[in-house]
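The structure appears right after this line, and notes come after that.
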Amino acid sequence: ATTECKNRSWGWGYASGSGSTGSNYQGKLCKECNVEYARVGPEEFSLEWKVNRRIQEEKVRIQQEEEERKEQERIRKEKELAEREEKRKIKSIQERSDFIDELNCLMGQCGIPEHIINILQQQPLNKEQIETQFTNGCVRLGLSPAYIWMDVYQKLSKIPKIVETHEMRKAQLLDEISIAHKELKELDERKRKLLIKVSADVKEVQQLNKLKPWKSLHEEIFQPLHIAAATRMEIEKELSDKLMQQVHSEVEDLAAADDQTDTPKLSHVFNAMGVPCEVIQKLTPLDGLEFIGCDVDKMCEEYEVNSFQDRKDLVYIQSMLAEQALPDLNHLKLCKVCAASDPQELTFLLVKCKQTFHKDILVRHNINGRRFLALTLQDIRDQFEVCDREEVKKLRSAISYMMKIHKAALQAT
């Protein structure tokens, strides 16, 4: 235990006393500790007395703050309660005053004179007091059969019925107000929709106004466009019909793009299959015979066709020409693989066919149905970087399954 006071800010003194306890504090003590030592005696004194005192003072402070908080909360609640009670009283007084005013108005409407109303609103009187008022002339007395107060009584008796009628009228008006609010809300919604429609119609009119000079300019501007489209339509039909006839008869006789004869060109096949223009221009020297018999990968290296997707498209085209077919509408209706134009459609088809390999590679490498049919084991390992034997097996199985669907469609057409 510590036997020396560390509070050096108060100067120094010496603990006095004797005995086993006092002997523990023969070292230097500050003046404040000496005072405390003398006050409690050696039996009770401890160098931690200041810490204990601070702890006790902190407890007292916290307790006082809690009591003050509770007292403030009690005062606040009492104040709120008093304010609510005051508001209730004011409201009650106001309601009473309003009721009296309204009742006076009703009595006036029933034909009861104002001075009679004032008499009725006096403090309640007993029978003798009322007779005295009649006797001393303070209140008028009617003679039979023209009793004044019988008439007053009968008129007052009508007031409950009038009030009931008013309440019914109020309920009716509240219903009408509710219905009116609902109709207003519906009108607001209709207005909002009409404003949207008007805005859209105005934009459409503005757009149509751009064609306002149709009569004067259609021959100059539109007619040439129409003729150009008609010319392309005729040429397209002629080229397409010849191309399909050539593919179905002698694929090898497809001419190169720079051939000057009327023979259908291999470039027409590339064009119809969606091969990019720059790739078609690179492959201009190729004819059907060369393309059918070539190794597509080597041919692509020779003609600098570097895109993996373009290469797979060319492999697919070569396989279709080998079958003397092209994926026309009839084939696409039967072959869901060739009809899958993007990775998402192909993924949907593979899931439907319960093929379980990791399909994220399709999106990563932009593989559609046609390119999927053209994939090889080397593509899976080198291009897709799939090394897991089980995953490679699943991929090859999926390609084989899709190929069966494709060949079945070819046989059907």
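Of note:
- Scanning the range 341-350 turns up one or more residues that are among the β-branched types (V, I, T), surrounded by fewer than 18 Cβ atoms within 10 Å (Cβ to Cβ) and touching a Leu at 6+ places or on another chain (Cβ under 7 Å).
- Filter pass, S178 being more than 35 Å from the chain's Cα centre (by Cα) and surrounded by 10 or more Cβ atoms within 10 Å (Cβ to Cβ): no
- Residue check: Q56 meets all listed conditions (1) under 30 Å from L29 (Cα atoms); (2) open to solvent by less than 100 Å² (accessible area, probe 1.4 Å) but one, namely (2).
Let's see how each residue does on (1) open to solvent by less than 30 Å² (accessible area, probe 1.4 Å); (2) over 15 Å from F308 (Cβ atoms); (3) outside any loop (DSSP other than H, G, I, E, B):
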{"position": "H358", "(1), (2), (3)": "no, yes, no"}
{"position": "V363", "(1), (2), (3)": "no, no, yes"}
{"position": "F372", "(1), (2), (3)": "yes, no, yes"}
{"position": "L375", "(1), (2), (3)": "yes, no, no"}
{"position": "D382", "(1), (2), (3)": "no, no, yes"}
{"position": "E391", "(1), (2), (3)": "yes, yes, yes"}
{"position": "R396", "(1), (2), (3)": "no, yes, yes"}
{"position": "Y401", "(1), (2), (3)": "no, yes, yes"}
{"position": "K407", "(1), (2), (3)": "no, yes, yes"}
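- Filtered by the rule that a residue be open to solvent by less than 70 Å² (accessible area, probe 1.4 Å) and in a helix (DSSP H, G or I), the range 131-147 gives Q133, F134.
- The set of residues in the range 327-340 being assigned to a helix (DSSP H, G or I), touching a residue at least 60 places away in the same chain (Cβ under 8 Å) and either open to solvent by 20 Å² or more (accessible area, probe 1.4 Å) or of a type in the set (A, V, I, L, M) (or both) consists of N330, L334, K336, V337.
- Scanning the range 148-162 for residues that are open to solvent by less than 60 Å² (accessible area, probe 1.4 Å) and under 20 Å from I100 (Cβ atoms), we see that the one that is nearest to the chain's Cα centre (by Cα) is I162.
- When V351 is tested against (1) under 23 Å from M273 (Cβ atoms); (2) outside any loop (DSSP other than H, G, I, E, B), only condition (1) is not met.
Residue by residue, here is whether (1) at pLDDT 90 or above; (2) over 28 Å from N104 (Cβ atoms); (3) among the small types (G, A, S); (4) in contact with a Phe, Trp or Tyr (Cβ under 7 Å, 6 or more places away or on another chain) holds:
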residue: K158; (1), (2), (3), (4): no, no, no, no
residue: M168; (1), (2), (3), (4): yes, no, no, no
residue: E183; (1), (2), (3), (4): yes, yes, no, no
residue: R192; (1), (2), (3), (4): yes, yes, no, no
residue: I196; (1), (2), (3), (4): yes, yes, no, no
residue: V205; (1), (2), (3), (4): no, yes, no, no
residue: N209; (1), (2), (3), (4): no, yes, no, no
residue: L217; (1), (2), (3), (4): no, yes, no, no
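- Filter pass, L243 being of a type in the set (A, V, I, L, M) and closer than 13 Å to L321 by Cα: yes
- Within the range 163-175, restricting attention to residues that are under 26 Å from I117 (Cβ atoms) and aliphatic (A, V, I, L, M), the residue that is surrounded by the most Cβ atoms within 10 Å (Cβ to Cβ) is V163.
The values are calculated or read from the model by the stated rules, or taken from the named source; none is laboratory data. Source: prediction; values computed, not measured. No Cβ is skipped: glycine too gets one built from the backbone with ideal geometry, and neighbour counts run over all protein chains shown. Just so you know, the surface numbers come from the protein's heavy atoms only, side chains and all, with ligands and any DNA or RNA stripped out. Shrake-Rupley method; radii C 1.70, N 1.55, O 1.52, S 1.80 Å.
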